[in-house]
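Working notes, structure below.
The values are calculated or read from the model by the stated rules, or taken from the named source; none is laboratory data. Just so we're clear, the structure is a prediction, and the values are computed from it rather than from any experiment. Here Cβ is always computed from backbone atoms with ideal geometry, including for glycine, and neighbour counts include all displayed protein chains. The accessibility values were calculated without ligands, DNA or RNA, using every heavy atom of the protein model including side chains. Shrake-Rupley method; radii C 1.70, N 1.55, O 1.52, S 1.80 Å.
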Amino acid sequence: MSNTSRLVSGLVVVLSLFCFALPAFAGSKDGLSAPLGDIKWGDKKAKVVEKVKQQMLQKLRERDDLKNDRVLMQRERRRVLDEIDRFEKSYEELDKNTSYKVSIISDEFIKGNGEAVMRVKDKIANRYYFFIDGGLYKMVVAYNQQYLKNVGFETFVVQAAKKYGKPDDTAYGYADGEEVLTAAEWTDNNTVLRVKNKKEFYDTFTMTFAEKSTDKRLEAKRESMADDGEGDEISSEVKALTARSASDADADVVDSIVGDSDINLNEGRPVDEQVRHGEQAKQAEAVAAKEKKTKKKKRKKKKRKKKKKRDFSDIEASGGGGDDLIIY
């Protein structure tokens, strides 16, 4: 056999091996979108409902305690079908006046953007499926508060990193004067995963899986709205509700102790020194402004503890507990 023939034969063998290997590689599930199962980005509502139904029924078939108990299997199957029925009926367009604008997913959508959501729950979390232009582009997992009882956010992120690798980015913020981890992010070819610490308002954590290009486009739009002073409308409503309830409670306590807390600046003053109505309001404002300024200075003086940033490089060796946590 000539050298040319040998070379051609060798190339044929290599190409054949490559072609046999290619389908397995091309069909492998993308790492970050694995929790979707056979659901794909862009799937329509009906297809998502059907696929979630099949996923839940498959889990029943895999349960050892149901394999030899037909009665219990039928009962559990009925429960799953009822849950799927609620899932399908939960479809809600987010452009309408929705309670979701002051919910745990309030920062996950832009009102007036043609988005919709459906919700299904399991034993440890609620899963929210988001659609835009009729196609699925995001899934948010909001863990049940009881399931995460006594679990720190850093422990949770360590467990997520054991599954998905070192985060591409992390964010830190301050709580009670101490710097804490608030978010972690992973990206791959077509999916973004964000894990968020929502303990302050909702006492839980969320995992957001989103189609990469759509997520990037919507994040740019959200930032543009924020620059125009519109972006924080939803989150500020949540904060306002919290602040209002706290201030109302404080006001009730003060009034119960000292009675009406309105201050009359003219009480005890000679007539010629009394402040007229307009001036009284101005003086009250000046007093309030001075108090605010003093408090601000005190806050600035208070030392904030800097936390050493964790790089999550050696996750397996880092430990940190939480090994029994179910990470989507």
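See the values below:
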{"quantity": "Chain lengthening between residue 98 and residue 176 when straightened (0.36 nm per residue, less Cα-Cα)", "calculated": "24.8 nm"}
{"quantity": "Net length gained if the chain between residue 81 and residue 190 were fully extended (0.36 nm per residue, minus Cα distance)", "calculated": "36.1 nm"}
{"quantity": "Placed amide H near residue 180: partners under 5 Å, 5+ positions off or other chain", "calculated": "173, 174, 175"}
{"quantity": "Rg/Rg_ref, region 34-228, where Rg_ref = 2.2 N^0.38 Å and atoms are Cα", "calculated": "1.10"}
{"quantity": "At R0 = 45 Å, FRET efficiency that the Cβ-Cβ distance of residue 169 and residue 60 yields, to 0.05", "calculated": "0.75"}
{"quantity": "Ranked order, 76, 108 - accessible area, probe 1.4 Å, largest first", "calculated": "76, 108"}
{"quantity": "Charge context of residue 73, other residues only, Cβ under 14 angstrom, K/R +1, D/E -1", "calculated": "+4"}
{"quantity": "Amide H within-cut-off set for residue 125, under 5 Å, with H built and near neighbours excluded", "calculated": "144"}
